[in-house]
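Read the figures in this text as sums done on the coordinates, not as results from a lab. Computed from a predicted model, the values in this text were never measured in an experiment. Reconstructed Cβ throughout: ideal geometry from the backbone, glycine too, with neighbour counts over all protein chains shown.
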Amino acid sequence: MINLILVALLLCTGAVTLSAQNASPKTALEAFYKFDRSHSQTFNRSNINARRQWFTPELYSLLLNELKRDAAYLKKNPTDKPFFGDGLPFRPLQEKCEAGKYRGLIIKQDFLKGDRAVELAGFAYPKPCKQPDPVVYTIGMFKVGGKWVIDDINYGEDTTLKQRLRRKEY
């Protein structure tokens, strides 16, 4: 009986996630970050697989390839920190400000045309913190198989996530 209830709860959770991914790019991204913020950030296969439903096939493949690159690099350099040693690359490090608060998240739609969208994810500390402007990521999304998924992230710097994953040298 308990197993039946557990299965029903898991199915309901999956249905809510899938409906969020179908509704709009913004709701898909909100569902992704709700999951991402409540789960481990360690860059490993288990955590990548747990987020797979929110990635394009290409992004998922690049993330798995990075794990292989990490393994080869760490075999030769066992005391070094891997490229994504600070964790999964979907949000800034979760550090407290001097007032003991964490960054909040605001998602805004920037572009939507057909099966392509661009969302802005702003990570900002609340008012009691004396921190600089929010960190804003520009997130490219596609509708794949009827679901909105993440294809790439521009960190507001000189590269995107996919460019970092495709880099020639480790």
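Please state the relative contact order of the chain as a whole percent: Cα pairs under 8 Å, 6+ residues apart? It would help to have the intermediate numbers written out before the result.
Working: 225 pairs, mean separation 36.3, N = 170.
The value is 21 percent.
For every other residue with a beta carbon closer than 14 angstrom to the beta carbon of Y33, add +1 if it is Lys or Arg and -1 if Asp or Glu, then tell me the sum.
Net charge in that neighbourhood comes out at +4.
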Study note, to complete from the structure: Of the convex hull drawn through the C-alpha atoms of region 2-165, the volume per residue in Å³ is 161
Exercise for review: Helix by helix through the chain, keep the DSSP H runs that span 27 Å or more along the axis on Cα and average at least 0.5 on Kyte-Doolittle, and give those back in order.
Suggested key: 2-23
